[in-house]
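Before any comments, here is the structure.
The values are calculated or read from the model by the stated rules, or taken from the named source; none is laboratory data. Small disclaimer: the values here were computed from a predicted structure and weren't measured. Quick reminder, even Gly has a Cβ in these numbers, built from the backbone with ideal geometry, and neighbours come from all protein chains shown.
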Amino acid sequence: MPSERFQTVDQYIGSFPEDVQRNLEAIRRVIREAEPEAEEVISYQMPAYRYQGVLIFFGALKNHYAISVPPPNAVFEVFRGELLPYKVSKSTIQFPVDMPLPLDLAGDIVRLCAKENLAKAKLKRKSPVRRRRRSEYFDRVLAPVVTGKEVSARDFYGIGTR
């Protein structure tokens, strides 16, 4: 990939060899299908999508494709089993170039992130801005999105009671 400043996602994708371009276009298509209202932007010189905040980043490197979801989010807990074959960091999932891209999984991740962003946006409108404990954030925002019902962080993560 040449070191240039990208203005559009098309420019970013066009800077790669044809086989990489096909895979990046497939990821792009999945993101657009999963959340059609998301706005496509370049952020940190990578393709990104915004929907009620930053939704997801994606890109290609020498040995892998990557999608990155800004924390905090429930992606790594919800999809723990599906992510086992891949290298995962605090906010990024790496898909090796020598493996088929898990496009269905990528779509599911985008849909979950969109629900989380929407829930976060609703919460911001309802409550005054203040710092929240992680468990409070989980209880009020993520648990209803992930499970469809109220559940405490302790119950969700199987920590138990004190």
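Is region 124-138 home to any residue that is at pLDDT below 90, surrounded by 19 or more Cβ atoms within 10 Å (Cβ to Cβ), in contact with a helix residue (DSSP H, G or I) (Cβ under 8 Å, 6 or more places away or on another chain) and not assigned by TED's automatic domain parsing to the domain that holds PHE16? Let's see the steps before the verdict.
So the first thing to find is which residues in region 124-138 are at pLDDT below 90, and the list is 124-138.
Now narrow it down to the ones that are surrounded by 19 or more Cβ atoms within 10 Å (Cβ to Cβ): 138.
In the following step, the residues that additionally are in contact with a helix residue (DSSP H, G or I) (Cβ under 8 Å, 6 or more places away or on another chain) were identified as 138.
Right, trim to not assigned by TED's automatic domain parsing to the domain that holds PHE16 and you get 138.
Scanning region 124-138, I find at least one residue that is at pLDDT below 90, surrounded by 19 or more Cβ atoms within 10 Å (Cβ to Cβ), in contact with a helix residue (DSSP H, G or I) (Cβ under 8 Å, 6 or more places away or on another chain) and not assigned by TED's automatic domain parsing to the domain that holds PHE16, so the answer is yes.
Of all the listed residues (GLU39, GLU4, GLU35), the sole one being at negative phi and surrounded by 12 or more Cβ atoms within 10 Å (Cβ to Cβ) is GLU35.
Selection of region 9-35 for residues being more than 18 Å from ALA66 (Cα to Cα) and β-branched (Val, Ile, Thr) yields an empty set.
From LEU101, LEU112, LEU84, LEU105, which residue is over 19 Å from ILE31 (Cα atoms) and assigned by TED's automatic domain parsing to the domain that holds LYS62? It would help to see each step written out before you state the result.
Details: LEU101 fails: over 19 Å from ILE31 (Cα atoms); LEU112 fails: over 19 Å from ILE31 (Cα atoms); LEU105 fails: over 19 Å from ILE31 (Cα atoms).
Selected residue: LEU84, the only one of LEU101, LEU112, LEU84, LEU105 that is over 19 Å from ILE31 (Cα atoms) and assigned by TED's automatic domain parsing to the domain that holds LYS62.
Here PRO17 clears all of (1) surrounded by 13 or more Cβ atoms within 10 Å (Cβ to Cβ); (2) more than 25 Å from LYS124 (Cβ to Cβ) except the condition numbered (1).
For SER89, the conditions (1) farther than 27 Å from GLN7 by Cβ; (2) in contact with a Pro (Cβ under 9 Å, 6 or more places away or on another chain); (3) hydroxyl-bearing (Ser, Thr, Tyr) are fulfilled apart from (2). Of note, LEU84 does not satisfy the criterion of being exposed (fewer than 13 other Cβ atoms within 10 Å of the Cβ), aliphatic (A, V, I, L, M) and under 18 Å from MET46 (Cα atoms).
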